Structures are given as C-alpha cells and as structure tokens.
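I have placed the structure first, in the form of structure tokens, so that the comments after it can refer back to it.
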Amino acid sequence: MTRSVFGAALMFAAFCVTPALAAKQDFELVNKTGYDISHVYVSPTKSNDWEEDVLGKDILEDGDSWDIVFERGDKTCKWDLKVVYADDNSSAYWRNIDLCTVEKITIRYNRKSDTTSATFD
C-alpha cells in the first residue's frame, strides 16, 4: 500500500513538473495504423544514422500513443521519424519534421493504397 501511494505521489509530481522541464521537440506519437509497431527511430535530419529505438523492448500497439521526450538542452528542430511494423518488419519514414512546432504525430495506414501517412499537429 505504501508503494502505491508513493508511486501516485511521484507520478503527480512528475506530471506537475514535466511541462516546465519539457524540451520543445517533445511530441506524442499516435498509432492508428491497424497494426502494432515494434520500433520507432527519431534522429536529427542531418544524421546518417537512425540511432536507437525509442521504444526499447516495448511495442506501440494499434490505438495507443507514446510520448517521445528529448533532452532539455537539445536545440535541433528538424528530425526524421521511422516506424517498423511488428508483423512483417516493413517500415515507413518521414524526413525533415520541425519538431519545434509539432506536439503530436498521428500515423495511419491505408490498405487500398498500401501507404502509411502522418498528420502533424
């Protein structure tokens, strides 16, 4: 019982402090593709490397969202995003996204055209 109360207090404190500490590139990734996503990569547009999977060992299930958080001191605004589907390892990517002006990215898959699209809010 003590752990639950402490955990709830910690979550509340993190929620209250997070906006002040948030980097301007932080965004929410929403999966509305109809498929689970096994890997998400975010790297500076200038980079030749996708860097590490921000999901780690987790899966971004269809209908769920994931908060992608940057270090506060990072000043780069232009980023690339790549997602990899869990079922067949196919991928989709977007380049040159201005994350300093985007708070939410929603990705969708169209079965008829076999394309993945994204909206940037």
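Each value in this text was obtained by applying a stated rule to the coordinates, not by laboratory testing. The structure presented is a predicted model; accordingly, all values stated were derived computationally and were not measured. Cβ atoms come from the backbone with ideal geometry, glycine included; neighbour counts cover every protein chain shown.
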Shape call, the range 24-120: gyration tensor on alpha carbons, a/c limit 1.5: prolate
Label-point gap, in nm, between ASP62 and THR76 - each point 7 angstrom along Cα→Cβ: 3.3 nm
Point-to-point label distance, THR45-ASN96, nm (Cα→Cβ direction, 7 Å offset): 0.6 nm
